């Protein structure tokens, strides 16, 4: 399926901005981090193609950003559709300099035993295969323009994925993808920025915080200062700053930097602590029993 775009006459960049003449293509761009990233990039002189699974939402979001944005509909898992979205951005703006592979989904917070196979697979498919196909579709433009790929990883790339295994797997995978890709693109004068966000106050994280038992696990077992949500704008601004400076890594909030850089030492200790935590064991069993009784993937 080819994308649907809002067509308008060529929109000049905002003069004098640090990103003047840069064109961003952002998946998952109709809301959350993607939309706020687009807003900040436009304020700094860029033009933006917003890509969303729902073409109407993409059009509405682009309309709210003014003439420097267009909306495109594409499923990131569909190679023809995402390639068409890149082609649509090039047709409108003449080039693509930055591809932000932001589209992603999150599963219900439960154990691997209680999560159904289709949901686990879909999370990995969208969050890994969708990122890969987005990047591949944009690589001709990125290489030609010595541009930048931005990949949205997560603190879940390295923290324990208890009650969130498919999401943790997907974010670990895209970090590994970004690392290899960065070396490959350096040969062409292009770059990769990998963003590691903590808990961002978006619709995705709301699904965890709004589920009482999962939120109880977060509050009683995880360190409170690490799981305190940050606003979408804070994450998006850090991302745009990183892209503009061509940084390899963006970590936001800053309190996640120590766990990130010391993860080889800290994470095995965290794993052992969680395994022995009686509160964690009790809550895990309660969540698992509830979800298995509701029709999970294994017999209790």
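Within the range 225-247, is even one residue at pLDDT 95 or above and more than 21 Å from residue 24 (Cα to Cα)?
Checking the range 225-247: not a single residue is at pLDDT 95 or above and more than 21 Å from residue 24 (Cα to Cα).
Just to be sure, is residue 200 under 30 Å from residue 117 (Cβ atoms), touching a strand residue (DSSP E or B) at 6+ places or on another chain (Cβ under 8 Å) and at pLDDT below 95?
The answer is yes for residue 200.
Hey, among 132, 156, which residue is in contact (Cβ under 8 Å) with a residue 12 or more places away in the chain and under 12 Å from the mean Cα position of the chain (by Cα)? Let's see the steps before the verdict.
On the way: 132 fails: under 12 Å from the mean Cα position of the chain (by Cα).
Answer to the selection: 156.
Out of the range 43-63, which residues are within 20 Å of residue 241 (Cα to Cα) and crowded, with 24+ Cβ neighbours inside 10 Å?
46, 47, 48, 49, 50
Just to be sure before I move on: is residue 140 surrounded by fewer than 22 Cβ atoms within 10 Å (Cβ to Cβ), within 18 Å of the chain's Cα centre (by Cα) and on the phi < 0 side of the Ramachandran plot in the structure I sent? Even if it seems obvious, please write down each step before you answer.
Values: surrounded by fewer than 22 Cβ atoms within 10 Å (Cβ to Cβ): yes; within 18 Å of the chain's Cα centre (by Cα): no; on the phi < 0 side of the Ramachandran plot: yes.
Here the answer is no, as residue 140 does not meet what is asked.
Determine, yes or no, whether residue 246 is touching a residue at least 24 places away in the same chain (Cβ under 8 Å), surrounded by fewer than 17 Cβ atoms within 10 Å (Cβ to Cβ), in contact with a helix residue (DSSP H, G or I) (Cβ under 9 Å, 6 or more places away or on another chain) and over 26 Å from residue 288 (Cα atoms).
Values: touching a residue at least 24 places away in the same chain (Cβ under 8 Å): yes; surrounded by fewer than 17 Cβ atoms within 10 Å (Cβ to Cβ): yes; in contact with a helix residue (DSSP H, G or I) (Cβ under 9 Å, 6 or more places away or on another chain): no; over 26 Å from residue 288 (Cα atoms): yes.
Spelling it out, it is not the case that residue 246 is touching a residue at least 24 places away in the same chain (Cβ under 8 Å), surrounded by fewer than 17 Cβ atoms within 10 Å (Cβ to Cβ), in contact with a helix residue (DSSP H, G or I) (Cβ under 9 Å, 6 or more places away or on another chain) and over 26 Å from residue 288 (Cα atoms).
Please verify whether residue 126 is touching a residue at least 40 places away in the same chain (Cβ under 8 Å) and within 30 Å of residue 283 (Cα to Cα), treating the condition exactly as stated.
yes
Matching residues to (1) exposed (fewer than 13 other Cβ atoms within 10 Å of the Cβ); (2) under 27 Å from residue 97 (Cα atoms); (3) in contact with a strand residue (DSSP E or B) (Cβ under 8 Å, 6 or more places away or on another chain):
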{"site": "234", "(1), (2), (3)": "no, yes, yes"}
{"site": "238", "(1), (2), (3)": "no, yes, yes"}
{"site": "263", "(1), (2), (3)": "no, no, no"}
{"site": "278", "(1), (2), (3)": "yes, no, no"}
{"site": "284", "(1), (2), (3)": "no, no, no"}
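For the range 143-161, which residues satisfy the criterion of being at pLDDT 95 or above, crowded, with 20+ Cβ neighbours inside 10 Å and out of contact with any helix residue (DSSP H, G or I) (no Cβ under 6 Å at 6 or more places or on another chain)?
147, 152
Can you find even one residue in the range 22-42 that is closer than 21 Å to residue 242 by Cα, surrounded by fewer than 24 Cβ atoms within 10 Å (Cβ to Cβ), touching a strand residue (DSSP E or B) at 6+ places or on another chain (Cβ under 7 Å) and at pLDDT 95 or above?
yes
Just to verify a result, which residue in the range 219-232, among those that are touching a residue at least 12 places away in the same chain (Cβ under 8 Å), surrounded by 13 or more Cβ atoms within 10 Å (Cβ to Cβ) and more than 16 Å from the chain's Cα centre (by Cα), is nearest to residue 163 (Cα to Cα)?
Here the residue is 221.
In this structure, is residue 98 under 17 Å from the mean Cα position of the chain (by Cα) and within 20 Å of residue 242 (Cβ to Cβ)?
For residue 98, the condition - under 17 Å from the mean Cα position of the chain (by Cα) and within 20 Å of residue 242 (Cβ to Cβ) - is met.
The values are calculated or read from the model by the stated rules, or taken from the named source; none is laboratory data. Since we're looking at a predicted model, the values are computed, not measured. Positions of Cβ are backbone-derived with ideal geometry, glycine not excepted, and every protein chain shown enters the neighbour counts.
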